[in-house]
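The values are calculated or read from the model by the stated rules, or taken from the named source; none is laboratory data. Being a predicted model, the structure only gives us computed values, none of them experimental. Every residue, glycine as well, gets a Cβ built from its backbone with ideal geometry; the counts of neighbours run over all protein chains shown.
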Amino acid sequence: MSTDDPQIDPDEFRRALGCFATGVAVVTTVDANGDWAGITVSSFNSVSMDPPLVLWSIAHNSANYETFMQAEYFAVNVLTIGQQELSSRFASRRTDKFDGIECREGLHGAPILPEYAACFECRTEVCHDGGDHKIIVGRVLRLEDRDEDPLIFYRGHFHSKGEPNSGGR
């Protein structure tokens, strides 16, 4: 086996990636028909301070892939520790993800969740191929930090302030 193209076991890769604690966010946008779309991500990260850029990624096989590839604007809603159910809702393939949620319209119509730790309203700058995902880089146009504890995902479970949450998966 070549050291330039090692064979990595997918389960071992997933377990090792679980060692890196991540925040959890719901990325939202509005499609060409004016319908809201949203997806749970843990791949959110900063890229640049000047200009203010962030990135996240979406799987090619996501039901929302085409919507986000065509979206010029999106919002990243960083979830709070009490929003595990919302994380699961937007991670699912259900079509009624926004039912019962009183969102407001952000820049260019992207839905903003009523509760969040922080929210970043962005314009898509560029998309890059990344294996079975597309990496989306966005320029932050507006943000709000509510000084709330974020929802953290680590080793397959939700956590709060370094301790596993009793409602973890």
Out of all the residues in the stretch 70-79, is one or more at pLDDT 95 or above and loosely packed, with under 15 Cβ neighbours inside 10 Å? yes
Inspect the stretch 19-35 for any residue being farther than 22 Å from residue 158 by Cβ, touching a residue at least 40 places away in the same chain (Cβ under 8 Å) and within 16 Å of the chain's Cα centre (by Cα) and give the result as yes or no. yes
Does at least one position in the stretch 18-25 carry a residue that is in contact with a strand residue (DSSP E or B) (Cβ under 8 Å, 6 or more places away or on another chain), buried (at least 20 other Cβ atoms within 10 Å of the Cβ) and part of a loop (DSSP other than H, G, I, E, B)? yes
Yes or no: residue 56 in contact with a Pro (Cβ under 7 Å, 6 or more places away or on another chain) and at pLDDT 95 or above? no
Quick test for you: out of 95, 124, 67, pick the one residue that is over 14 Å from residue 25 (Cβ atoms), of a type in the set (Val, Ile, Thr) and free of Cβ contacts under 8 Å to residues at least 12 places away in the same chain. 95
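Would you confirm whether or not the stretch 6-18 contains a residue that is within 9 Å of the chain's Cα centre (by Cα) and in contact (Cβ under 8 Å) with a residue 12 or more places away in the chain? Explain how you work it out, then say what you get.
Just the residues of the stretch 6-18 that are within 9 Å of the chain's Cα centre (by Cα), to begin with: none.
For the stretch 6-18, residues within 9 Å of the chain's Cα centre (by Cα) and in contact (Cβ under 8 Å) with a residue 12 or more places away in the chain: absent.
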Take the stretch 78-110 and flag every residue that is of a type in the set (S, T, N, Q) and under 24 Å from residue 153 (Cβ atoms). 80, 83, 84, 87, 88, 92
Looking at residue 99, is it at pLDDT below 95 and either on the phi > 0 side of the Ramachandran plot or not in a strand (DSSP E or B) (or both)? no
Just the residues that are surrounded by 15 or more Cβ atoms within 10 Å (Cβ to Cβ) and closer than 18 Å to residue 40 by Cα, please, taken from the stretch 131-148. 133, 134, 135, 136, 137, 138
Only one residue in 113, 107 is closer than 17 Å to residue 36 by Cα, touching a strand residue (DSSP E or B) at 6+ places or on another chain (Cβ under 6 Å) and at pLDDT below 95, so which one is that? 107
